[in-house]
């Protein structure tokens with residue numbers, strides 16, 4: 001389980017550098033809100049990573065086993081790419097910065113593929129919810145550093161030094177990979193690339209209700225992703241908070257709240273089961289979006305910013321723990337890299353595509369209507385979950401049967 005936490009840290013470290021932290025950098029550099037929104041497209045590799053995931057299922061690296069070898073390769077590449085990204089300038093060369101951010105996001109998405117597959121292969125079924133919470137804890141710890149702490153460092157020493165620090169930390173994560181254990185049952189690599197491409201989808205689609213499950217993966221976190229897509233820009237440009245306030249009251253608070261939420265969500269999931277957890281947390285993460293509407297209507301209040309961020313991310317963290325366990329329950333070891341990549345990429349579609357147009361939406365209708373739209377967009381996922389209850393109960397029963405095995 002410790003390996004899950006530490007590799008979650010490795011996975012979360014580069015993510016914010018092309019997301020919220022990059023957004024803060026662009027806002028601090030006085031770029032237009034529509035340009036900032038377009039920069040969200042550099043996150044497309046997180047959506048498209050399933051396209052090259054079969055290569056990582058099919059081919060073995062020369063050392064450290066089926067999963068850890070690839071993790072090591074991507075960690076080293078990320079350390080170099082992040083360092084170079086920090087040397088660019090949003091004002092002088094925004095295109096170059098965008099290209100470098102795209103490279104970092106591509107490497108990060110590839111690292112996620114093999115870390116997710118490693119977790120699926122390593123963790124027994126009865127520990128999925130706990131592993132989801134542990135992975136999210138490591139991920140959010142890294143996100144807090146690459147978000148809040150790095151923004152705070154950038155406020156005093158500049159963005160170049162801030163990204164350089166993350167590059168060094170990324171290089172140090174290679175020691176975690178070297179130390180982590182090899183799964184007892186890593187699965188059989190597909191004998192051909194064609195099988196690695198076709199069989200994961202066929203294996204999943206053979207399940208009853210497969211198309212409904214895919215739609216649920218797409219919609220479950222839709223509203224949450226919509227509401228948080230321009231969080232940094234909302235706090236800086238919309239509400240007028242400083243980088244220091246965003247760093248401590250926003251980012252640190254966001255991370256701590258999410259950690260508490262994932263831990264609580266994992267604990268409740270193990271007691272409530274899959275359907276009850278997904279439904280309860282889905283309703284909560286939809287309702288708490290309205291906290292940001294309240295903040296916008298009330299005006300700049302630091303205490304209300306803290307409350308809104310805490311409550312929304314607590315609910316979002318609970319939903320995340322249940323959602324990760326839900327995704328893991330649908331994967332098999334032979335094709336875990338491709339199947340989890342397909343599911344997690346599908347889940348990332350709203351975060352990437354909605355974020356790319358969110359700036360234009362805010363520019364047209366304002367922040368208040370933006371958060372109303374985000375709340376409404378969360379309702380279809382909850383409704384679909386209720387409609388898919390029999391199929392979710394089937395998955396839940398399969399999990400319980402696995403738990404009962406001696």
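At-a-glance table
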{"read-out": "Conditions (1) surrounded by 23 or more Cβ atoms within 10 Å (Cβ to Cβ); (2) at pLDDT 80 or above; number of the one not met by residue 88", "value": "(1)"}
{"read-out": "Hits in the stretch 166-196 - residues which are buried (at least 20 other Cβ atoms within 10 Å of the Cβ) and either modelled with pLDDT of 80 or more or touching a strand residue (DSSP E or B) at 6+ places or on another chain (Cβ under 9 Å) (or both)", "value": "166, 167, 170, 173, 176, 177, 180, 196"}
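Each row is one residue, and each column tells you yes or no for (1) under 23 Å from residue 366 (Cβ atoms); (2) assigned to a loop (DSSP other than H, G, I, E, B); (3) out of contact with any strand residue (DSSP E or B) (no Cβ under 7 Å at 6 or more places or on another chain); (4) at pLDDT 80 or above.
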| position | (1), (2), (3), (4) |
| --- | --- |
| 202 | no, no, yes, yes |
| 226 | yes, no, yes, yes |
| 245 | yes, no, yes, no |
| 250 | yes, no, yes, no |
| 260 | no, no, yes, yes |
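The values are calculated or read from the model by the stated rules, or taken from the named source; none is laboratory data. Because the structure is predicted, anything quoted here is derived from the model rather than measured. Counting neighbours? That spans all protein chains shown, and the Cβs are built from the backbone with ideal geometry, glycine included.
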